[in-house]
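The values are calculated or read from the model by the stated rules, or taken from the named source; none is laboratory data. These figures come from a predicted structure and were not determined experimentally. Virtual Cβ from ideal backbone geometry, glycine too; neighbours counted across all protein chains shown.
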Amino acid sequence: MSEENPKKTKPWNYCIACGSCAAMCPRQAEGAWKTAEGVQQALVRYLRCKGHLTDEVRERALGCRNCGACADVVCPMRLDPLDLLSSARRKIAKEEGAE
């Protein structure tokens with residue numbers, strides 16, 4: 001395991017919401033979201049709780065361009081933001097399919 005490309009396998013409840021990944025998001029910089037909370041922080045909150053899918057969370061998950069800028073940051077908790085995005089999109093698809 002290289003220090004430049006560390007393996008990122010911890011579960012999302014390890015996220016400390018530091019904002020490092022959100023700071024790199026071009027959609028965040030464009031002001032695409034209504035609040036300052038980053039895409040990843042909104043999705044972590046959604047995945048952690050058993051709550052309902054909100055329009056805000058859905059908009060952030062589906063509005064992400066998948067550019068990978070967030071993944072270029074070395075997360076202090078060694079998490080992979082693109083893995084988070086995939087998990088959230090799967091959960092959203094499952095919930096929307098159940099309706």
TODO: Would you check which residues across segment 58-70 are more than 10 Å from the chain's Cα centre (by Cα), of a type outside the set (D, E, K, R) and part of a helix (DSSP H, G or I) and list them?
DONE: LEU62, GLY63
Open item on the list: Report every pair of residues separated by at least 6 positions or lying on different chains whose Cβ atoms are under 9 Å apart, first residue within segment 63-88 and under 11 Å from LEU43 (Cβ atoms) and without any contact (Cβ under 8 Å) to a residue 60 or more places away in the chain, second aromatic (Phe, Trp, Tyr) and not in a loop (DSSP other than H, G, I, E, B).
Closed with: ALA88/TYR46
Open item on the list: For segment 76-93, which positions are buried (at least 17 other Cβ atoms within 10 Å of the Cβ) and either aromatic (Phe, Trp, Tyr) or outside any helix (DSSP H, G or I) (or both)?
Closed with: LEU79, ASP80
TODO: Inspect all residues belonging to segment 72-83 and state whether any of them is of a type in the set (Val, Ile, Thr), over 21 Å from ILE16 (Cβ atoms) and either over 10 Å from the mean Cα position of the chain (by Cα) or modelled with pLDDT of 85 or more (or both).
DONE: no
